[in-house]
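K.L.:
The structure's right below; bear with me while I get my questions together.
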Amino acid sequence: MTNIKALVLLGILLVSASGNAMADSSVVGLWRLSNGKLTVKVELCNGDKICGKIAALAKALKDDGTPQLDINNPNASLRQRPVIGVQIFNAMTPTGPNKWKGKIYNADDGRTYAAYAKLNGNALEVKGCWGPFCKNLDFKRAN
């Protein structure tokens, strides 16, 4: 009888774990900021965490035809890299079903902020905070 209970418990744990992995993987894909300014490619990284890189910009080139660069980065050696490809969601950790917390990098000012993300259907709601001040970023699924 104890072996049957152990097997049932193991089965429940396996189903529960696979359900969480599926929920986390549903965030994977391309997400466009509601103002159309940028598109982020979100992927699973470091197990169940999420990472996101800038995949596209509404204005990818400067007026002179050269790529937009990460000119505000506090690390001077990174200021000549193109903004497309820069990781902005940094290994955000799950905090519940379809919720994560971590850090977000803002190439517009070169700062990194505390971040909270929530997946709600085809919407990814991200909040970037500096102390008590927060800004909401709304993304829609682009693919």
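K.L.:
Spelling out what I want: for every residue of the stretch 97-110, take phi, set θ = phi - 60°, compute 6.51 cos²θ - 1.76 cosθ + 1.60 (Karplus), and round to whole Hz; glycine and proline get x.
P.N.:
With the stated coefficients, the stretch 97-110 comes to x, 6, 9, 9, 9, x, 10, 10, 9, 10, 5, 5, 10, x Hz.
K.L.:
Tell me which residues come under 5 Å, amide H to amide H, from A142 once H is placed; ignore anything under 5 positions away on its chain.
P.N.:
When sequence neighbours closer than 5 places are left aside, the close amide H contacts are L30, W31, R32.
K.L.:
Using a probe of 1.4 angstrom, how much of the accessible area of the stretch 59-143 is carbon and sulfur, in percent?
P.N.:
Reported share for carbon and sulfur atoms: 52 percent.
K.L.:
For the stretch 37-48, in order, what is each residue's ³J(HN,Hα) by Karplus, 6.51 cos²θ - 1.76 cosθ + 1.60 with θ = phi - 60°, in whole Hz (x at glycine and Pro)?
P.N.:
Once θ is set to phi - 60°, the couplings for the stretch 37-48 become 5, 8, 10, 10, 9, 9, 9, 6, 8, 6, x, 9 Hz.
K.L.:
Grab the beta carbon distance between N90 and K59, set R0 = 25 Å, and tell me the FRET efficiency rounded to 0.05.
P.N.:
Approximately 0.55, to the nearest 0.05.
K.L.:
Go through K53/K101; K53/K118; K101/K140; K62/K99 and tell me which ones have a Cα-Cα distance over 26 Å in this structure.
P.N.:
In this structure, K62/K99 lie more than 26 Å apart at Cα.
The values are calculated or read from the model by the stated rules, or taken from the named source; none is laboratory data. The structure presented is a predicted model; accordingly, all values stated were derived computationally and were not measured. Methodologically, a virtual Cβ is constructed for each residue, glycine included, from the backbone with ideal geometry; neighbour enumeration extends over all protein chains shown. Accessible surface areas use protein heavy atoms only, side chains included; no ligands, DNA or RNA. Shrake-Rupley method; radii C 1.70, N 1.55, O 1.52, S 1.80 Å.
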